[in-house]
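Asker: Quick one: the structure is below, and I'll ask about it shortly.
The values are calculated or read from the model by the stated rules, or taken from the named source; none is laboratory data. Computed from a prediction, not measured in an experiment: that's the story for all the values here. Quick reminder, even Gly has a Cβ in these numbers, built from the backbone with ideal geometry, and neighbours come from all protein chains shown.
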Amino acid sequence: MTVTAQSRRPNHEGAPSLSLRSLERQGGNFDLHHPRPRTDPERLGQPPAIFKLFGVFSRLSLYILLVTNSIAGGLTAFFIYLAGCKHVSPLVGLLAAWAWAVLPIIALTDTTLSNYAFATLAVVLWLNFVPDLAPKAYNWAWLGIATGLMLLLNPMLALLVPATVLSLRKKQAVVVAAIALLVLTPWYVRNYRVMHHFYPALRDNLGMELYLGNHAGMSGTCDYWTGKSPYGGELPKIGEARFFELRRSDAIEFIQSAPKGFAVRSLKRFAQFWLSPWPILYIPLLFLAAWGTLFVPSPLAVFALMLFMVYPLVFYVTQTAWPTAYRHPIEPMILLMAATATVRIYMREIHRPDARRTRARRSSNYPSQATSRGGWPSL
């Protein structure tokens, strides 16, 4: 998804172009030699919007994407700090925000050509503002509109509504869901008229993603094709929708024929999703994050656990070719929970000498008091 030397092709102005593959991954269909109408499900996205406004093969589009994603990453750090202050403590917010700012892999992901930086910003904005919304109808109406726009950006953000189950009443959640559906309706209608198929998530690539991680003759946990590439021959003839449906059928048939292999690949993808690219960093970080959920308020703990447990499921069964980006939207919660556990350990160590002195004074005041193993007084 990044711009590489191999993908820099001159356009008619002689400027380097963006990678065709990166554009295709954002929902575009590009064939330089045989242009054809766009027939894939349409959805809102930051990269496609910039490509339309400033040109697909322009250097300006590249710079605008990098700048806007970097701004989104900086705002995410700020709202991580505010969320930590609001839900736990200023020290937790400060530690989590600095971790977001200085970890190289997070900074790199924020500057790639994708909409994950904005999806992540949506998560921390939700965490800061939704739990405290006044119970008024217009608030929930605006939240429904915002939810619909977020789903156009990334359908996985639908998890934010059930993840806020302890903050939203049932009636409020229904209002938010209904208005979000109204926002999505024009896209559903357009896609059905053009594609003759209903796509609940506004994307038709789930079958293709399943195929990338599960097909005959593949190697590893993700393989774009085995043998002769089907993209240049079959895809232009039958169209994207039908092509993806056939790939889904191939993947399901392959999974059913070798369930043990599917289980092994899914376990490997689980490890890739959570530990790439630096297991030595993410193993202790994830341990601290899991421990930290025990010490935060219940609504925040439920919010974090819902994202941790449900959000990655689709990646376990499909593919994790780009784990750092796929993990990006839930990384603020990882850092906040880990910061909570770290601060708790730090505060315990600070107060440990005071606790020892208190026990010593009690022991001197009551010399006949029975002691436990190791000489500590039995309290």
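Asker: Looking at the stretch 75-84, is at least one residue modelled with pLDDT under 95, hydrophobic (A, V, I, L, M, F, W, C) and within 19 Å of Pro329 (Cβ to Cβ)?
Answerer: Narrowing the stretch 75-84 to residues modelled with pLDDT under 95: none.
No: the stretch 75-84 contains no residue that is modelled with pLDDT under 95, hydrophobic (A, V, I, L, M, F, W, C) and within 19 Å of Pro329 (Cβ to Cβ).
Asker: Just for the stretch 187-215: of the residues that are of a type in the set (Ser, Thr, Tyr) and crowded, with 17+ Cβ neighbours inside 10 Å, which one is farthest from Leu157 (Cα to Cα)? Please lay out each step first, then the result.
Answerer: Initially, the stretch 187-215 is screened for residues of a type in the set (Ser, Thr, Tyr), giving 188, 192, 199, 211.
Restricting the remaining residues to those that are crowded, with 17+ Cβ neighbours inside 10 Å gives 199, 211.
Values: Tyr199: 16, Tyr211: 23 Å.
Here the answer is Tyr211.
Asker: Which residues, counting only those in the stretch 179-222, are touching a residue at least 40 places away in the same chain (Cβ under 8 Å) and among the hydrophobic types (A, V, I, L, M, F, W, C)?
Answerer: If the condition is that a residue be touching a residue at least 40 places away in the same chain (Cβ under 8 Å) and among the hydrophobic types (A, V, I, L, M, F, W, C), then Trp187, Val194, Met195, Ala201, Leu202, Leu206, Met208, Leu210, Leu212, Cys222 are the ones that fit.
Asker: Quick check on my filter: what residues within the stretch 261-285 are of a type in the set (A, V, I, L, M) and out of contact with any helix residue (DSSP H, G or I) (no Cβ under 6 Å at 6 or more places or on another chain)?
Answerer: Pass one, the stretch 261-285, residues of a type in the set (A, V, I, L, M): 263-264, 267, 271, 275, 280-281, 283, 285.
Answer for the stretch 261-285, where residues must be of a type in the set (A, V, I, L, M) and out of contact with any helix residue (DSSP H, G or I) (no Cβ under 6 Å at 6 or more places or on another chain): Ala263, Val264, Leu267, Ala271, Ile280, Leu281, Ile283.
Asker: Only one of Lys237, Lys268 is charged (D, E, K, R), at pLDDT 95 or above and out of contact with any Asp or Glu (no Cβ under 6 Å at 6 or more places or on another chain). Can you tell me which? Quick ask: steps written out before the conclusion?
Answerer: Details: Lys237 fails: at pLDDT 95 or above.
Criteria check complete, one pass: Lys268.
Asker: Can you tell me which of (1) modelled with pLDDT of 90 or more; (2) within 19 Å of the chain's Cα centre (by Cα); (3) crowded, with 19+ Cβ neighbours inside 10 Å; (4) more than 20 Å from Leu65 (Cβ to Cβ) is the one Tyr116 doesn't meet?
Answerer: (4)
Asker: Here is a further query. Do we have any residue at all in the stretch 41-60 that's small (Gly, Ala, Ser), over 26 Å from Ala301 (Cβ atoms) and modelled with pLDDT under 50? Talk me through it step by step, then tell me what you get.
Answerer: Our first condition is that a residue be small (Gly, Ala, Ser); within the stretch 41-60, this holds for 45, 49, 55, 58.
Remaining after also requiring over 26 Å from Ala301 (Cβ atoms): 45, 49, 55, 58.
Still in the running and modelled with pLDDT under 50: none.
No, the stretch 41-60 contains no residue that is small (Gly, Ala, Ser), over 26 Å from Ala301 (Cβ atoms) and modelled with pLDDT under 50.
Asker: Looking for whichever is modelled with pLDDT of 90 or more, of a type outside the set (Gly, Ala, Ser), under 20 Å from Gly239 (Cβ atoms) and under 24 Å from the mean Cα position of the chain (by Cα) here; the options are Tyr199, Tyr211. Which one fits? Show your work before the answer.
Answerer: Values: Tyr199 fails: modelled with pLDDT of 90 or more.
After ruling out the rest, the residue left standing is Tyr211.
Asker: Separate question: Can you name the residue in the stretch 160-178 that is in contact (Cβ under 8 Å) with a residue 24 or more places away in the chain and surrounded by 19 or more Cβ atoms within 10 Å (Cβ to Cβ) and, of all such residues, is farthest from the chain's Cα centre (by Cα)? So that I can check it myself, show each step before the final result.
Answerer: Here is the first cut: in the stretch 160-178, the residues in contact (Cβ under 8 Å) with a residue 24 or more places away in the chain are 160, 162-169, 172, 175-178.
Subsequent filtering for residues that are surrounded by 19 or more Cβ atoms within 10 Å (Cβ to Cβ) retains 160, 163-164, 168, 172, 176.
Working: Leu160: 11, Ala163: 14, Thr164: 17, Leu168: 22, Gln172: 25, Val176: 21 Å.
Per the stated criteria, the residue is Gln172.
Asker: How about the stretch 295-305: which of its residues are surrounded by 14 or more Cβ atoms within 10 Å (Cβ to Cβ), touching a residue at least 24 places away in the same chain (Cβ under 8 Å) and either part of a helix (DSSP H, G or I) or of a type in the set (D, E, K, R) (or both)?
Answerer: Correct list: Pro299, Leu300, Val302, Phe303, Ala304.
Asker: If only one of Ala119, Ala97 is in contact with a helix residue (DSSP H, G or I) (Cβ under 6 Å, 6 or more places away or on another chain) and under 21 Å from Tyr282 (Cα atoms), which one is it? I'd like the intermediate steps shown before the answer.
Answerer: On the way: Ala119 fails: under 21 Å from Tyr282 (Cα atoms).
After applying the criteria, what remains is Ala97.
Asker: Could you grab me the full set of residues in the stretch 285-294 that are surrounded by fewer than 19 Cβ atoms within 10 Å (Cβ to Cβ) and under 17 Å from the mean Cα position of the chain (by Cα)?
Answerer: Of everything in the stretch 285-294, just one residue is surrounded by fewer than 19 Cβ atoms within 10 Å (Cβ to Cβ) and under 17 Å from the mean Cα position of the chain (by Cα), namely Leu286.
Asker: Turning to a different aspect of this structure: Given the condition over 30 Å from Leu212 (Cβ atoms), surrounded by fewer than 11 Cβ atoms within 10 Å (Cβ to Cβ) and modelled with pLDDT under 85, answer yes or no: does some residue in the stretch 342-350 qualify?
Answerer: Yes: the stretch 342-350 contains one or more residues that are over 30 Å from Leu212 (Cβ atoms), surrounded by fewer than 11 Cβ atoms within 10 Å (Cβ to Cβ) and modelled with pLDDT under 85.
Asker: Here's a follow-up. Tell me which residues, restricted to the stretch 295-349, are aromatic (Phe, Trp, Tyr), closer than 24 Å to Trp98 by Cβ and more than 12 Å from the chain's Cα centre (by Cα).
Answerer: Phe295, Phe303, Tyr346
Asker: How many residues are more than 20 Å from Asn214 (Cα to Cα) and either over 20 Å from the mean Cα position of the chain (by Cα) or not in a helix (DSSP H, G or I) (or both) when one looks only at the stretch 253-283?
Answerer: 4
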